[in-house]
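Beneath this line is the structure, given in structure tokens, with notes to follow.
FYI, it's all coordinate maths here, none of it is from the lab. As the structure is a prediction and not an experimental result, all values here were calculated from the model. FYI the Cβ positions are ideal-geometry reconstructions off the backbone, even for glycines, and counts take in every protein chain you see.
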Amino acid sequence: MKTTLQHLFLGACLALASGCSAMGSSDSFTLSANLPADFTYEATAAYVPAPGETCSVPGGKNTRIGINRKWQESYTRDSKIALHRTVSGCPLVLQYVEFYINGTYGKDWGDFARDFGKILVREYLSSADKGTFNAAGESEILGQCQWLFRTVGGLRRIVKILACKSTDIQGNVTRGQPFAAYTLNQLPGKTVRLKIKLAAEERPGWGDTWVKVPGGWKRCMGKSYEDQRAYCNGNYTDFSTFRMPDGRICSIYPGCSENKEVSP
């Protein structure tokens with residue numbers, strides 16, 4: 001009799017993808033990442049009441065779980081994400097995972113930039129919309145990040161912006177941030193891997209502020225060092241120096257081989 005009841009329970013769980021929750025890794029998936037050097041990811045898993053449930057969580061408390069929130073202190077490449085949770089007696093199901101790709105370019109606490117992507121989870125998706133898994137149970141979210149550099153402040157310190165886009169399997173950049181969608185019953189025990197590359201060359205944050213020269217870029221002077229926008233406006237002979245994140249004062253980015261290091 002006991003064996004029969006177990007079989008009935010397991011059968012019901014398989015039939016209702018959004019209902020019963022299996023034990024251990026079969027009710028979770030692994031979010032992993034292949035990222036460039038000095039890159040990490042941070043994520044938030046968001047949950048909503050399971051289909052058919054009429055309950056709610058007061059104030060939405062504990063319906064969002066942070067992953068790698070302290071990535072500058074402690075970082076984990078592989079993270080288990082539960083598909084079902086129960087909060088305040090309310091059965092919840094994973095709705096989406098929003099992730100941030102963080103790139104670090106200096107040693108100061110604020111010397112990083114980020115862009116975001118998303119994993120959408122639904123009970124049903126069309127075959128054209130849902131992601132696929134290989135025989136090893138892995139699916140990839142492909143993307144490329146691009147460093148964009150600019151200057152700020154009177155010393156024109158270099159800071160960077162990070163722009164990340166999806167790519168196709170040939171590596172061609174497409175529209176939108178890195179993204180994937182799966183049905184709930186695709187994910188148990190599987191691995192979703194962020195596979196992000198870095199563009200070979202950095203680019204100015206926006207046009208008509210830097211001039212391409214042999215060995216890199218020169219910063220247009222503008223009206224003065226206090227001119228934060230400092231557009232070239234046709235003047236491609238007057239340039240300014242700038243300060244690198246490591247303290248060097250340079251005139252050509254990114255090489256800066258013409259100057260020695262100075263104190264920040």
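Values as computed for the structure displayed
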item	result
Sequence-distant lysines (8 or more away, or on other chains) whose Cα lies within less than 20 Å of residue 107	70, 160, 260
Gain in span if fully extended, residue 177 to residue 155, counting 0.36 nm per residue against the direct Cα distance	4.6 nm
Hull volume in cubic angstrom per residue (convex hull over the Cα atoms of the chain)	183 Å³
Rg followed by Dmax, in Å, when segment 126-245 is reduced to its Cα trace	20.6, 62
Zone residues, segment 213-248, relative to residue 148, backbone N less than 19 Å from point 7 Å out along Cα-to-Cβ	217-220, 228-233
Label-point separation, residue 225 to residue 138 (7 Å along Cα→Cβ), nm	5.1 nm
Counting DSSP beta bridges with both ends in the chain, the antiparallel % (nearest 5)	70 percent
Packing-based ranking, highest mean first, of 27-33, 38-44 given that Cβ atoms within 10 Å are counted	27-33, 38-44
Sites residue 107 and residue 46, calculated FRET efficiency, Cβ-Cβ separation with R0 30 Å, nearest 0.05	0.35
Built amide H within the under 5 Å cut-off of residue 210, gap 5+	220
Theoretical gain in end-to-end length, residue 86 to residue 195 [0.36 nm per residue, Cα-Cα removed]	36.1 nm
Per-residue HN-Hα couplings for segment 105-111 [Karplus 6.51, -1.76, 1.60; θ = phi - 60°; Hz; x = Gly/Pro]	10, x, 9, 5, 4, x, 7
Sorted by Cβ neighbour density within 10 Å, fewest at the top, the residues 74, 26, 240	74, 26, 240
Segment 130-182-segment 212-246 distance, computed between alpha-carbon centres (Å)	28 Å
Theoretical FRET efficiency, 1/(1+(r/R0)^6), r = Cβ-Cβ of residue 163 and residue 56, R0 35 Å, to 0.05	0.40
Computed [θ] at 222 nm, deg cm²/dmol, the chain (DSSP H ≥ 4; -39,500 (n - 2.57); rounded to nearest 500)	-1500 deg cm²/dmol
